[in-house]
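In what follows, a structure is listed as structure tokens, so that the remarks can point back to it.
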Amino acid sequence: MPRRNAPRSAAASRGGFTLIEILIVVLIVGIAGALVVPSMLSAGTIGLQGAARLIVADLQYAQNEAVASGAVRGIEFDPAANRYRMFDENDATIDLKWMRVGGRADTVPGDGTGHTVDFSTDPRFKGFDLRRTRTDGLDPGQLPFRVTFDELGAPTSGSANAIIHIAFAENAYRIEVDGFTGRVTVQ
């Protein structure tokens, strides 16, 4: 019959990991991460995500601004010039004063006359390409084209299913504005 209070061996009484074992695991995970992560996310991919998010944010801002002001607001995309601008009911480019640092016009990307994102000259987006932009039902040759929102935030009839593509090298995002609801999705 075994003794109840028999001393346990040192290996059997060990309840955790040693510092050396933890450091070895952390080192292995670090090496694996250093090899895998750069191949998954290059700087261009991260910048492309930022450009797509900027377009989505500007579309949503134009939609919200239309509701808040009770007037038409929109964005005009011009792939030939590789830029877009936000405009009001008078077709004037909207000046986003809240984007300025200290209220100075020279702190806004572009020429300070309004909210225009130019992928050709903006240092944040060098090499990015606004392309294959079209609106369903329209000839892609009818560019530039506009996505406009009425005072209720709904897309106007000319904005039916707007599709915007932003690309960098072989990667691209497709941004779509639903022509009925105004919902913006990214693929």
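Please treat every number below as a calculation from the coordinates, not as lab data. Keep in mind that what you see is a predicted model, and the values were worked out from it rather than measured. We place every Cβ from the backbone using ideal geometry, glycine too, and count neighbours over all the protein chains shown.
Available extension along the chain between residue 183 and residue 53 is 45.4 nm, counting 0.36 nm per residue and deducting the alpha carbon span.
So how much slack lies between residue 152 and residue 69, counting 0.36 nm per residue of separation and subtracting their Cα-Cα distance, in nm? Please list the in-between numbers first.
On the way: separation 83, 0.36 × 83 = 29.88 nm, distance 0.99 nm.
Length gained between residue 152 and residue 69: 28.9 nm.
For residue 120, the shell of other residues with beta-carbons less than 10 Å away shows a net charge of -1, using +1 for Lys and Arg and -1 for Asp and Glu. Among 85-92, 24-31, 71-78, 60-67, sorting by the average number of other beta carbon atoms lying within 10 angstrom of each residue, highest first, gives 71-78, 60-67, 85-92, 24-31. Between residue 27 and residue 90, the contour length at 0.36 nm per residue exceeds the Cα-Cα span by 16.6 nm.
Modelled label positions at residue 80 and residue 174, each set 7 Å beyond Cα in the direction of Cβ, lie 2.5 nm from each other. Annotation: amide H of residue 150 within the under-5 Å range of 156, sequence separation 5 or more or interchain, hydrogens built in the peptide plane.
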